[in-house]
Structures are given as C-alpha cells and as structure tokens.
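The values are calculated or read from the model by the stated rules, or taken from the named source; none is laboratory data. Not measured: the values here are computed from a predicted model. Note that we place each Cβ from the backbone using ideal geometry, even for glycine, and neighbour counts take in every protein chain shown. Remember, those area values only see protein heavy atoms, side chains included, never the ligands or the DNA or RNA. Shrake-Rupley method; radii C 1.70, N 1.55, O 1.52, S 1.80 Å.
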Amino acid sequence: YVNNGRNGSTMSNYVTNKNPMVDRWAGAVVGKPDIIIIEGGRNDYNQKVPIGTNDDTDTKTFKGAVRYMVEKIRSKCPDSLIVCMTVWNVDSTNAIGNNCQDYGRAMIEMCGILNVPVLNAMDTSFSGVDMNDASFRAKYCQKPTDVSHLNIEGHRLVMPKFEKYLAEQYEAHLAGKK
C-alpha cells in the first residue's frame, strides 16, 4: 500500500497552505491501484471550509472538493475501487457554525450522488470510535484530549471492521466488472 496522507491536509483548496488534496491528487495516485481511499473532512472543519452544495464544482468548498477528487481519480483510474471515509464522531462546532459531523454527512451525500461507497466512521456502532467519550480517548487516542488521532490500540480496534468493509466493497466492485 501507499499512504499519501499528510497531517493537517484539507480536501478543499479554500485554504492553500494546508496541502489541499485537490491540488496534489495527481501526484498521489500513481499506477493502477486496486483500491483508493479518500479520507477527509476534519481538517476542512478546522479550517472553516464552506460545505457547499450537492451540485458544487468549486474546489474551495468541501462538497466541490469531494466531487472533484472522485471525478478526477475515476477518470485517471477507471478500474480502481474508490472508497471515501468520513470523519469520526465528534461533537464540536466551528466558527462558521458547522458541526464536525456536518462534513461527514456532506461526504455521505456526495458519495451517494457519485455512486461511491463510503465508510461511515461517525457511526459508533460500526467503527467503535466515539471521540466524545473521554474514557475512549484516554485508551485509544494519541492523547486524552485528542479527538482526531487513534493510537496503536485504536487502530487495532478499527482495523478488522475496516478491512471487512473494504473486502466486501472490493468483492462487489470486481463482481460488477464481470
């Protein structure tokens, strides 16, 4: 696998000094990968990126950036399975009035429109991750106050669920190509 994630990176280029994924996707997607995972939203929330609308094509909005990324990657890698992943379950509101989960719901909406599977990490019954729970963070996050980054135990918690989801999506993807 190749991990092209960058700490603090936004999906959108609303703020240009945060390594926007829309500005670096082409260099990150090389060859013919079987599966491409797009995970984002938390840093867009942190940077107060406007969410935008479902028909948005402006990469300065979150929904426009999701559309752009999916369409560009789909064009470059038509045989690859693209899977998007939402933010974790976090209750907080930024200065423009958006809840962190608004970005997760926006990802789910765009993926529905674009016919892309989405791993809903906000669903605590699926992921097992609840960043609102101080005891969870103390055990599974890099710091007890961290609402974004899992530690090794946190990764061990989610890995089997995420692997199963990806395997199911990939199997369906391959079946659809026959």
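If you go through region 136-157 and keep only what is hydrophobic (A, V, I, L, M, F, W, C) and surrounded by 16 or more Cβ atoms within 10 Å (Cβ to Cβ), you end up with PHE136, CYS141, VAL147, LEU150, LEU157. The selection criterion, being in a helix (DSSP H, G or I) and either β-branched (Val, Ile, Thr) or closer than 18 Å to THR86 by Cα (or both), holds for GLU163.
Among the residues of region 29-60, those identified as surrounded by fewer than 16 Cβ atoms within 10 Å (Cβ to Cβ), more than 11 Å from SER12 (Cα to Cα) and in contact (Cβ under 8 Å) with a residue 12 or more places away in the chain are VAL30, LYS32, ASP34, ILE35, ASN54.
In a residue-by-residue description of region 61-75, the property of being open to solvent by 20 Å² or more (accessible area, probe 1.4 Å) and part of a loop (DSSP other than H, G, I, E, B) applies to no position. The set of residues from region 158-178 being under 19 Å from ASN89 (Cβ atoms) and open to solvent by 50 Å² or more (accessible area, probe 1.4 Å) comprises MET159, PRO160, LYS161.
Take ALA106 and tell me if it is part of a loop (DSSP other than H, G, I, E, B) and under 23 Å from LYS63 (Cα atoms). When the stated conditions are applied, ALA106 does not pass them.
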